[in-house]
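Structure, as structure tokens:
Computed from the coordinates by the stated procedures, all read-outs in this text should not be read as laboratory data. Please read these numbers as outputs of a predicted model, since none were measured by experiment. Neighbour counts are summed over all protein chains in view; Cβ atoms, including those assigned to glycine, are modelled from backbone coordinates with ideal geometry.
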Amino acid sequence: MNLHEYQAKALLSDYGVAVPAGLLLTTSSDKTVVEEHLPESQPGRWVVKAQVHSGARGKAGGVRLAEGVSAVQEAAHAMLGTRLVTHQSGPDGLPVEAVLVEPAAAIARECYLALTVDRELERAVMIASSQGGMDIETVARTSPESIRRCVINPTVGLAAYQARDLAFSLGLEGTQIKAFVTMALNLYRAFVERDAALIEINPLAVLDDGNLSVVDAKVALDDNAGYRQPEWWARRDVNQEDPAERKAIEHGLNYVSLDGNIACMVNGAGLAMATMDLIKHAGGSPANFLDVGGGTSAEKVTAAFKLILENARVDAILVNIFGGIVRCDLIAEGIIEAAREVSLEVPTVVRLAGTNAEQGRRMLAQSGLQLTAEDDLASAARAVVALAEKHGEAAKA
């Protein structure tokens, strides 16, 4: 679960990490709120930041400098109620329902600091770079030597000497080192206790006065630990999430939207990845990742079909089921029931393998529906790509 910047900073503040004092404005905020918290007499500039679950906000006009209260109001008014389109958000953008107003910081230089999980090592890692304010992926390509990684032993946690080593790599000195070590230790405590998948501070600024400042923060909590974080789960902003992915969660499906036109319905995450690879290899483009689970049911299959058909780009569907835990004839029966219930008109290829696969394929062939049965996955991928091309051309005509 992703948090907004203002939520991320509130979480970090709970753990003793100093964050700038900010004012949150929403579509319901009026002029008096701004005037009370940002008196016109207060000197300096303000930064108005759109609160959306996307990076690259500044490049898309979602971060603006404002001189005085009137300029803050004008910038907030221009953002609130709109949709911000970034290179990460997709063409439809994300709704701006809140903006965060903070004093503009006098930044001498920008660094990068993050905590995440290295799944290969099965350890949390803290990552620091002397080059902040830009995508860490870009830094990794252009200046990999500026990135320092610290692998954390889960038994003892982050050690102070490890944090000091990162501070030295950032070129910090004097009291900055002590401040950084305290911040790093607090970040690790927040990471563990809040079941975070990512805590990213970018940039971590060294100010003109030598102090450190959290200019921007991103926090993602592990969805699997939602039951342990009810307070934060209750703050989840569903309006920032893909509607299809949100519905999938409600039905116990694992779904991720993609940009293609061939929908996939598969039981098993690994098999789903292989299915998408074969579609690409056959010249097609997957419209989604959809794992209905190992012990799927007719109800789940029906929900999956409904989810898939909400995507107007879909020209064909590939169902790839391995009957191990559940028999293929039962899956075929569920597919037929679901296809009839949703009035399936999109050409669909079904590949069944495993227990009672032949019986299941026979049921599909006799159903009278637009269901093409296959027993070979590569052949199924080629068939669905051909059907998608034909359906797409017919729709254009």
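Within straight-line reach of LYS390, meaning a Cα separation under 26 Å, sit the following lysines at least 8 residues removed in sequence or on another chain: LYS280, LYS306. Separation of region 95-171 and region 314-352, taken as the distance between their Cα centroids, equals 46 angstrom.
The amide H of MET265, built 1.01 Å from its N in the peptide plane, has LEU318, VAL319, ASN320 as neighbours under 5 Å, considering only residues 5 or more places off or on other chains. Annotation for region 193-265 versus region 276-291: alpha-carbon center distance of 25 Å. Here r is the Cβ-Cβ distance between LYS178 and ILE325 and R0 is 56 Å; the resulting FRET efficiency, rounded to 0.05, is 0.50.
Selection among ALA114, THR138, GLN370 by position relative to the dipole of the chain gives THR138 as farthest towards the positive end (Cβ unit charges, Cα centre). As a proxy for reagent exposure, ranking VAL256, VAL19, VAL215 by other Cβ atoms within 10 Å from fewest up yields VAL256, VAL19, VAL215. Applying 0.36 nm per residue to the separation of LEU309 and PHE168 and subtracting their alpha-carbon distance, the gain on full extension is 45.3 nm.
Estimated from helices alone, the mean residue ellipticity of the chain at 222 nm is -11000 deg cm²/dmol (sum of -39500 (n - 2.57) over DSSP H runs with n ≥ 4, per residue).
Would you mind getting the Kirkwood hydrodynamic radius of region 105-257 from its Cα pairs, rounded to one decimal in Å?
Numbers: mean 1/r = 0.0591 Å⁻¹.
For region 105-257, inverting the mean 1/r across all distinct Cα pairs yields 16.9 Å.
Summing Lys, Arg as +1 and Asp, Glu as -1, what charge do residues with Cβ under 11 Å from the Cβ of ASN288 carry, ASN288 excluded? Walk me through the intermediate numbers first.
Working: positive: ARG313; negative: ASP242, GLU245, ASP259, ASP291, GLU310.
Spelling it out: positives minus negatives among the neighbours equals -4.
Here the Karplus curve 6.51 cos²θ - 1.76 cosθ + 1.60, taken at θ = phi - 60°, turns the phi angles of region 263-278 into couplings of 6, 10, 10, 9, 9, x, 5, x, 5, 5, 5, 5, 5, 5, 4, 5 Hz, with x standing for Gly and Pro.
Rounded to two decimals, the Cα radius of gyration of the chain over 2.2 N^0.38 Å is 1.19.
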